[in-house]
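A short write-up of the structure that comes next.
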Amino acid sequence: MIKKFRKTAKIALVLIYFVIIAGAVVRMTGSGMGCPDWPKCFGYYIPPTEASELEFKPNYTYKKGIVIIVDEALKVAKKDFVSGTTLNDENWTDFTAHDYAIYNPLHTWVEYINRLIGALSGIPILIFTIMSIWLWKDNKWLLPLSVITVFAMGFQAWLGKTVVDSNLAPFKITIHMVMALVIVFIILYLIYASKTSFKNQIADKTFQWALIAATVLTLVQIVLGTQVRQYVDEQVKEIGYIKSEWLAEPTLNFYIHRSLSILVLILNGWLFLRNRKLQLGYQKISLVMWCIALEILTGIAMYYFDFPFSTQPLHLVIAAIMIGIQFYLILESSKLNQRQTQVSST
């Protein structure tokens, strides 16, 4: 059972990362408002494919909650009814969450797929939560953390609704991203806690504390990166897709984000060298260095080569993968189920 639990948790982790990827594509394509309502999309479980489907239709059976666009505004059906030859305001109410009333089929379906992947990711989480009930006697941490993951997914879904209702408020987008990482951390802990065998690794407090600092620094970089991305979104709205001018006059957050990347490289490079010198056995630190290299390359490409296609979502997704690896390394470097060989801090 424990092996099946761990396998299911790994599937959930992969799907959560797919959600992060989908979210990054949503940001890249500007599709965040592709579905103006939540959890449905224009009142449908499967969104429309043509703008004509959102126009008022005479002698048509409307279901409660269906959305139409009238005079560049959204209206919502109050109840189930069959329309007459003209629009009757008594059957409709104004959509008041926001005033965004544009239909773009690409944006709608990109956002819809993002939501669909999010919903699918909840299935393995529910499955391993049920499994954790049978594992209660063997590991009492699995059940409460699994239940917390379920509630965290529900909270994340609610955050998604508030992001849409706020017409993509920057601070809510940032909270939404951070919450996704929290879910990643919880699932990674469940994967680690359900291990049945452990590598021969050496405990080193200096390495562990430096690793914690590096992980916190990565989190700061991700938050700053979302703020820089928001500035780029605002530039797109003001000047359009003139990529060479998006960062012509960058904000302070951009300079802090770029400067801290040097510290990220130095700190993680030191961890890599210490791990090799003392033969601590933390092989995943090499993956962190590869992530940093890819982060530097995509960052350079965005700034100096005017945002080549897909570099923005890649930059974010690689950062999310990197912080996941760092968090798992923290778990490995802890005293849990580890050979307690202490090394000198010199």
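The values are calculated or read from the model by the stated rules, or taken from the named source; none is laboratory data. Remember, predicted model here, so these are calculated numbers, not experimental data. With ideal geometry, Cβ positions are generated from the backbone for all residues, glycine too; neighbour counts draw on all protein chains shown. Just the protein is used for accessible areas: all its heavy atoms, side chains included, with ligands, DNA and RNA removed. Shrake-Rupley method; radii C 1.70, N 1.55, O 1.52, S 1.80 Å.
Taking each pair of distinct Cα atoms in region 1-95 once, what is the resulting Kirkwood hydrodynamic radius in Å?
In region 1-95 this quantity evaluates to 16.0 Å.
Go through region 20-123 and name the GluC sites (Glu not before Pro) that are in a DSSP coil and have 16 or fewer other Cβ atoms within 10 Å of their Cβ.
Glu50, Glu55, Glu72
Which net charge results for the neighbourhood of Ile325, defined as the other residues with beta-carbon distances under 12 angstrom from its beta-carbon, given Lys and Arg at +1 and Asp and Glu at -1?
Value of the local net charge: 0.
What are the trypsin sites (Lys or Arg not before Pro) within region 1-71 that DSSP puts in a loop, where the Cβ has at most 14 other Cβ atoms within 10 Å?
Lys63, Lys64
Looking at region 69-117, which trypsin sites (Lys or Arg not before Pro) are in a loop (DSSP not H, G, I, E or B) and have at most 12 other Cβ atoms within 10 Å?
Lys79
Percent of accessible area on the chain owned by carbon and sulfur, 1.4 Å probe? Please report the intermediate quantities before stating the final value.
Values: 12000 of 18120 Å².
Answer for the chain: carbon and sulfur cover 66 percent of the accessible area.
Which of rounded, prolate, oblate describes the chain, given a ≥ b ≥ c as roots of the alpha-carbon gyration tensor eigenvalues and a/c under 1.5 marking rounded, otherwise prolate only if a/b is larger than b/c?
It comes out oblate by the Cα gyration axes.
What is the angle, in °, between the Cα long axis of helix 252-278 and the longest principal axis of the Cα atoms in the chain? Nearest 10 is fine, range 0 to 90.
Between helix and principal axis, roughly 30 degrees.
So which of Lys57/Lys161; Lys195/Lys277; Lys7/Lys140 end up more than 22 Å apart by C-alpha?
Violating the 22 Å Cα-Cα cut-off are Lys57/Lys161; Lys195/Lys277.
Would you mind getting the accessible area per residue of the chain, heavy atoms of the protein chains only, 1.4 Å probe, in Å²?
52
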